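Some notes on the structure that comes next.
The values are calculated or read from the model by the stated rules, or taken from the named source; none is laboratory data. Here the structure is a predicted model, which means the values were calculated and not measured. Note that we place each Cβ from the backbone using ideal geometry, even for glycine, and neighbour counts take in every protein chain shown. What goes into the accessible areas is simple: the full protein's heavy atoms, side chains included, and nothing from ligands, DNA or RNA. Shrake-Rupley method; radii C 1.70, N 1.55, O 1.52, S 1.80 Å.
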Amino acid sequence: MSILAFDIGGTSVKYGLFKDNKLQKVSSFLTPDSWEEMKESCLAVKDKYKNENLKGVAISSPGSVDVDAGVIHGISAVPYIHHFPILKAFEECLGLPVSIENDANCAALAEVAFGVAKDCQNALFFIIGSGLGGAIVIDRKLHKGRNLFGGEFGYMLLDDSSTLSERVSPVHVAKRFSKVRSLGTELSGKELFDLADQGNSEAQQAVEGLLDSLALAIFNTCLVVNPDVVAIGGGISQRRNLATDIQQRVEQYKQRTEATDMDVEIAACHYFNDANLLGAVAHFLNSRAE
């Protein structure tokens, strides 16, 4: 049995084939500008695998995904996927059973089943890319809340000027850095971190602000859930010593507030950028088993 998985992101759409209990043939295409182009691109990928005996399509998506209704609420970097019966539309387009789950929830499902949280009962996930997705796992199950906002840490306000997504997404931080410094071209998040690593003091200051904001948000959410582990995912999680750096900053917040008896373990997700694809497949299989 083979399952085609898509991970919709603000910059690109990753895809891969889940076959023989592993993810294969992972690739991507640029995120289309319209819903019609998205359908065409996904259909073209499906046609590449027409000889693979596909049983279904598993999709990881930004936004507040109502799994039962097949609708994506909220907002995201891909505005045209929201507020209509997208699950039904995908099934009509692709001619296969389709499942959709929030991208951060998918990352959490992958890590709970196979990765950093496989031995944990309660966990928090901060998945950082073009925005910030989050997930809460209680007793090894996703906690989504009444209006599907459980774990939507990206909306969090740490001040009056910006959301947590805007403060910790390397994409947003690099964009602001480029604008303020009047650079001729807009830096990517990776380029900003590279510039900081090379000793540029202004870039270092921007990165420090990102890390401080992330650590503060993690500290605050730990006071609510008190999890076994806080897992950081997305491309930023592959940076060496990131978990240690965040851990040190969280410890400083603990000391400042005298919350020193609270254990906080920070760890990088095991599956990095493939977690969303694997979690989407896990969700597809779980939904068919129910």
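Residue-by-condition table, conditions (1) of a type outside the set (K, R); (2) within 16 Å of G133 (Cα to Cα); (3) in contact with a Leu (Cβ under 6 Å, 6 or more places away or on another chain); (4) at pLDDT below 95:
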| residue | (1), (2), (3), (4) |
| --- | --- |
| G154 | yes, yes, yes, yes |
| S178 | yes, no, yes, yes |
| S182 | yes, no, no, yes |
| E186 | yes, no, no, yes |
| A206 | yes, no, no, no |
| L214 | yes, yes, no, no |
In the range 95-107, the residues that are more than 9 Å from the chain's Cα centre (by Cα) and closer than 12 Å to A280 by Cβ
V98, S99, I100, E101
Can you pull out every residue in the range 122-142 that is open to solvent by 10 Å² or more (accessible area, probe 1.4 Å), modelled with pLDDT of 95 or more, farther than 30 Å from F193 by Cα and in contact with a strand residue (DSSP E or B) (Cβ under 8 Å, 6 or more places away or on another chain)?
N122
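Is it the case, given these coordinates, that R288 is exposed (fewer than 13 other Cβ atoms within 10 Å of the Cβ), basic (K, R) and under 23 Å from D7 (Cβ atoms)? So that I can check it myself, show each step before the final result.
Working: exposed (fewer than 13 other Cβ atoms within 10 Å of the Cβ): yes; basic (K, R): yes; under 23 Å from D7 (Cβ atoms): yes.
In short, yes.
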Log entry, pairs with first residue in the range 37-61 being farther than 23 Å from S76 by Cα and in contact (Cβ under 8 Å) with a residue 24 or more places away in the chain, second being open to solvent by 80 Å² or more (accessible area, probe 1.4 Å) and in a strand (DSSP E or B), beta carbons closer than 9 Å, six or more apart or on different chains, reads Y49/K25
By residue number, the members of the range 184-216 that are in contact with a helix residue (DSSP H, G or I) (Cβ under 8 Å, 6 or more places away or on another chain) and over 26 Å from A231 (Cβ atoms) are T185, E186, L187, L195, E202, A203
In the range 164-179, which residues are open to solvent by less than 10 Å² (accessible area, probe 1.4 Å), touching a residue at least 40 places away in the same chain (Cβ under 8 Å) and either within 10 Å of L210 (Cβ to Cβ) or not in a helix (DSSP H, G or I) (or both)?
V168, S169
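Does I100 satisfy the criteria of being buried (at least 24 other Cβ atoms within 10 Å of the Cβ) and touching a Leu at 6+ places or on another chain (Cβ under 6 Å)?
Details: buried (at least 24 other Cβ atoms within 10 Å of the Cβ): yes; touching a Leu at 6+ places or on another chain (Cβ under 6 Å): yes.
Spelling it out, I100 is indeed buried (at least 24 other Cβ atoms within 10 Å of the Cβ) and touching a Leu at 6+ places or on another chain (Cβ under 6 Å).
Among the residues of the range 44-77, write down those that are surrounded by 13 or more Cβ atoms within 10 Å (Cβ to Cβ) and assigned to a helix (DSSP H, G or I).
V45, K46, K48
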Among what's in the range 221-266 and is modelled with pLDDT under 95 and on the phi > 0 side of the Ramachandran plot, pick the residue that is surrounded by the most Cβ atoms within 10 Å (Cβ to Cβ).
G234
Every pair of residues 6+ apart whose Cβ atoms lie under 8 Å, when the first sits in the range 181-208 and is within 23 Å of S237 (Cβ to Cβ) while the second is of a type outside the set (D, E, K, R) and outside any helix (DSSP H, G or I):
G189/S169; L195/L187
Answer yes or no as to whether A77 is among the small types (G, A, S) and touching a strand residue (DSSP E or B) at 6+ places or on another chain (Cβ under 9 Å).
no
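Can you tell which of L187, L192, L148 is within 30 Å of V71 (Cβ to Cβ) and open to solvent by less than 70 Å² (accessible area, probe 1.4 Å)? Explain how you work it out, then say what you get.
On the way: L187 fails: within 30 Å of V71 (Cβ to Cβ); L192 fails: within 30 Å of V71 (Cβ to Cβ).
Result of the check over L187, L192, L148: L148.
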Show the residue pairs meeting these rules: Cβ distance below 7 Å; 6+ apart or different chains; first residue within the range 98-117 and over 20 Å from D228 (Cβ atoms); second residue surrounded by fewer than 24 Cβ atoms within 10 Å (Cβ to Cβ) and charged (D, E, K, R).
V98/E91
Filter the range 1-43 down to residues that are assigned to a loop (DSSP other than H, G, I, E, B), open to solvent by less than 50 Å² (accessible area, probe 1.4 Å) and farther than 22 Å from A275 by Cβ, then give me how many there are.
2
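Please find, within the range 78-89, the residue that is most open to solvent (accessible area, probe 1.4 Å) out of those that are in a helix (DSSP H, G or I) and not aromatic (F, W, Y).
If we filter the range 78-89 for residues that are in a helix (DSSP H, G or I), which is where we start, we get 79-81, 86-89.
Filter again for not aromatic (F, W, Y), leaving 79, 81, 86-89.
Details: P79: 95, I81: 0, I86: 1, L87: 37, K88: 126, A89: 22 Å².
Checking each candidate, the answer is K88.
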